[in-house]
1. Please report V239, V418, V1039 as a ranked list, fewest other C-beta atoms within 10 angstrom at the top and most at the bottom.
2. Roughly how tilted is helix 926-944, in degrees to the nearest 10 and between 0 and 90, from the longest Cα axis of the chain?
3. Whole-Hz ³J(HN,Hα) for each residue in region 410-416, computed from phi via Karplus 6.51 cos²θ - 1.76 cosθ + 1.60 with θ = phi - 60°, x for glycine and proline: what do you get?
4. Ranked by Cβ crowding within 10 angstrom, fewest neighbours first, how are R178, R423 ordered?
5. Output the Cα-based Rg and Dmax of region 298-381 in Å, rounding Rg to one decimal and Dmax to a whole number.
6. Take the Cα pairs of region 885-1055, get the Kirkwood Rh, then feed it into Stokes-Einstein at 10 °C and 1.306 mPa s and tell me D in µm²/s.
7. On a 0 to 90° scale, report how tilted helix 1124-1133 is relative to the longest principal axis of the chain, with both axes built from alpha carbons and the result rounded to the nearest 10.
8. Based on the alpha carbons, how large is the Rg to Rh ratio for region 641-738 when Rh follows Kirkwood?
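The numbers here are math on the coordinates, done by the rules we state, and not lab data. Bear in mind that the values here come from a model prediction, so they are computed numbers and not experimental data. Here the Cβ is made from the backbone with ideal geometry for all residues, glycine too, and neighbour counts use every protein chain on show.
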Amino acid sequence: MSRPRTCVLASCLLIATSVAAFAQSTARLIVDQWRVEDGLPQNTITSLAQDERGYLWIATRKGLARFDGAQFTPVTRVGTMDLGNLRLTAVLPDGDGVLWVSTYGSGVLRVAGGVVTRYGEAEGVPDDIVWDLYRDRQRRVWLASSSGARVFDGRRWQAPPLPADLAGDGVNAVFQARSGTMWFATSHHGAVSVDGTVVGRYSIEAGLPSPIATSVAETPDGAIWVTGARGVSRIDNGVVTTFGPDDGLPVERVLQVLVDRRGVVWMATHGGGLVRYDGAQFTAFRRSDGLSSDYLISLAEDRDGALWVGTLAGGLNRLAPAARELLDVRSGLPPFPVTTVSQVATTLDWWIGTYGGGLVSLRGGKLRTLTTRDGLPSNAITSVACDLDGSVWVGTNGGGAFRLQEGHVVEHLGPEVVGATLRTIEVSNEAVWFGGNGVVRYQKGVIRRFGKSDGLRSNEVRAIYALADRTWVGTYSGGLQSIERNGRIVSWGEREGLTNPFVTSLQHDRTGTLWIGTYGGGLFRLQHGKMSSITTRDGLPDDVVFDVLEDDAGRLWLTGTQGLAVVRIADVHARMDGRGGVLSVAQYGRAEGVPGTDGTDGNQPLSWLAKDGRLWFATVDGVVIFDPTEVADTPAAPAVSIDTVQVNKARVELSALVSPLPARSIDIAYSAPRLMGGRAVQYEYRLVGLDDAWVDAGAARTASFTNLSPGGYHFEVRARAHRGAPPGTARTLSFQVPARFYQTGWFLGLALTAMTLVIVGLVRLRIGHLRRHQQDLQRLVEERTAALRHEMQERERAERERRALDDRIQQAQRLESLGVLAGGVAHDFNNLLVGVLGEASLALADLPAGSSGRKHVERIERAALRASELTSQMLAYSGRGRFIVVPVALEELVEEVRELLGSIIPATVTVSHDFPRWLPMIAGDPSQLRQVVMNLLTNAAEATGRDGGQIRISAGTRTLRPGEAATTHQPGVLGLAPGDYVWLEVRDSGAGMDAETLDRIFDPFFTTKPAGRGLGLAAVQGIVRSHAGRILVTSEPAVGTTFTLLFPCMRNASDAPPRRTERGRERLAKPVVATSVEATHGTGVAGAVVAPHVLVVDDERLVRDVARVALRRTGHVVTEVPTGEEAVATFSERPGAFDVVVLDLTLPGIQGRAVLQAMREERPHLPIVLTSGYTAEEAGDLTASPSTVFLQKPWRPEQLVHCVRELMADAAARPVEPA
């Protein structure tokens, strides 16, 4: 168990000898390392110093930084001086916020109150290269430079009284002994002492190994230590003793020496790491031991006793305070976790158990390791307990327990006796107790086992504490139990107040109180039969307590997952009794020099109170040893400093806050230096004048306030060492927020006066308003009546416009439907006309010239041709007529049509025209546009009649804007996009039309003429729409009719729609007059003449019949199929068998385009004649190939034969396709 034992004390001589010898085996912990990536301005640390507030200042070869224990704050620009790019050699805090900085090349700088003062040659600095700064016991500041030392008298730097040959020698360091003697480490004369007028010289002649001295320090016994280029020397009463590599120094070159508060001498070497001299020997700590570099430059000890080490390019290192030492692998321990530690009271020997490395004894400062090779049953040691006769009982994992005496195993109890895993061993006056798998009592050779059957609530035993009247047993998941002297087991569980059943440790203190550590439930106390507890809610840093240890100062040391926690027993009693506040706990984790403790797995004993009062703790990395006399009961609360103030994000010096702030937003940055455990510091602040309640800021270091009201404020901030610790003294910053002009008293008086005048004026205005109110009411009623009347009229007008719009939409939909119908009918008629024209043409070819039936067949042919003209008009109405789009000048086209109709228009009708001097061209098909103008002029002439009248043709341009009506006669034209348009107007003074006739004039087959077909205006409308234009008409009976055409302007040639290329135009079938043809032949293999094979694809049987007869008469072999699917299948079976394909574009199922693509994939240059009841536009880009022509239905047999011949002739002129 980790507690002091009641044993016979050894002699003081034995204790002193043991401690002195042991001191050689322990080492300080290298706790932390920092580099540039952690916030340092540079990795070469030239000087270290702690100021009066507790901040650590770091001088580097590239600027200065301040460290508060949690973060680095670079000091770059102060006033107009940029410190960030200076090579610094030393830093010296001088109280009251004053900081001295020496540089390499820029002399000495004094930083105070945000102002940098530079001292150079004019102020007495002998050289711009200054190596060191020092403050003596009289608080005078000294500098050491390449041209000597100087002391500052408040205004200038004065030279010390040195002989002439020493006055100009370079000085590397200055030091003052406790006697007042000044020492100078020089570059050529070794160490020089000055005591009043007495000058002492210590160089090679006096025994120093080198004339180059680098630093000076003094040990508590008054000896002076001098480091240099060839080792270190000790000057004691004028006697020089030199130490070098032969005496234990790792290297000769030593740059700095430091004597810590315990009198231990530390040396920074160049290449040999950190060297410690404890009065007996030199011990080196090198990179292999955890230092970041073996090349050191500077050393410093802080107020907590931690040692800071500045390296060359290796950053900053910190070693734990001297109160914490470590016994680890470097001291000779095996490289395994330490699981238990115990001291023999009679011999003061130490026994240390490791998990895997065996058992270690420490006797007389010497370590000895015992393993299975020495007879141990296992190297996994879990517990150690000292017997009254000086022997040691040792527990193992898997090897049972054994008793060791004089280094030999004298007794062994196997795992079948004590259990496979032992957690703890307890030795009492009467018996030895083993805990792990249940409890085993070994008394005078008799074994007694206690398990669940005997009343234990759990067999997993973690702790045993034996008293005279009972033995306490702590189990994991079974709570606390006691084995009475009569063997009865008494349990303590949740009902008795032990709310956590996972007991890990037991400690019976000097007052008889039993302390119970648990896993997850905190610390429990059993006192006078009553159970109490404390947890993290009461201030504990961790609810896991692996071990409890009482020291000689009335404190409990708790081992947990976060390290060690120290708390006064009196404070714990007060808290548990409801008399105290949150506990003040000192924490020691890895950052404070204590490595991890959770890896020890909670074996007992984990800690031990040594006879010299020191505390030993088993950890993963070794044994940590504390000197409790140097550990405070309660960590001092860190003092807060206000670092910077920003007003509206602009930095303001603290001295400027005596004046009112220039703005209402303020950011205050603060910090509290705590070099050991700085990351745990917690802050709280309040702004008196805004809110008196303290704000818990946690670890945040900035307080921000915005939109503050005018008035005086007092900002207070304080810090705690950690959460739950008492707060320190608050730091106060007062400032004033001025009132804005509208918040001042004079402005308020002025505003009240103005308000009074305004109220008087408002009353007078109100009276006048009431007088006018009656007059206004009548006028308002009249205006409202007129507005209602106007609103009703507007609603009626809107309703009329809505109905008109609906009518126009319905008319447009009806016309569109009729167009689709007309196009479909024309297409089907063209298919039928192919049969009529074809059969008539075939019949004419068979009838002799004088035959009596020939004239009847010719009449049939003429009728069919007239029918084809009718279908052309229907196609034009549907917008699917044939178009060849080119730039068109309307004035020339109208003049051409007017001359053409000159003989048709009666002489009594006057035709006039009005065209502007310049009229933009439009993009269109001239033949279609001629048909439009011709139709309109013909209708106008017929409407005017023989009695005479006028026809006026005019044109012009206009711009349609979004939402604007196309004309004043017919607003809201559908489908016209905003833009520039050319309008053409044909106005006649004829009979006119009524509304019913006007609504139907564009319907197909509607006519008022006795002999008319009713397709003229329908075709006109189709042509205009296909040109992206619109036709508007107004008419009045007995007055006349006006047709207005709107066409988009073509500004330049690039605006014209794409024209069919010349090649494409050539691929359209041309009319053929000849009716007698010769047979056409193809060429087969070996030059044999074979009949050309034509594949005819059309869904109309009549069309296929005409094509078959016509082609066979001309010597062609014809294969006909009705669908696209059959065409693809037939062609795929014999792609090389067909010379020409006649293909209808409109097919059921697979369309003609898809059939064409499939055939082209097989034979890219296959001659193909495309046919359709629609126009050539249907074929689109399909006729771009020289192997394709388009033949519009209805076609004559001779036209088909002619197309086939042309394609075959073109194919014959090209190279033969590969098979």
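1. Working: V239 10, V418 27, V1039 13.
Least crowded to most crowded, the residues run V239, V1039, V418.
2. So the helix axis and the longest Cα principal axis differ by about 50 degrees.
3. Per-residue couplings from phi come out as 10, 7, 9, 10, x, x, 5 Hz.
4. Working: R178 9, R423 27.
Ascending number of Cβ neighbours within 10 Å: R178, R423.
5. My reading of the Cα-based Rg and Dmax gives 17.3, 51 Å.
6. Numbers: Rh = 16.5 Å.
The calculation lands on 96 µm²/s.
7. The angle comes out at about 80 degrees.
8. Details: Rg = 13.6 Å, Rh = 13.9 Å.
Reported Rg/Rh (Cα atoms, Kirkwood Rh): 0.98.
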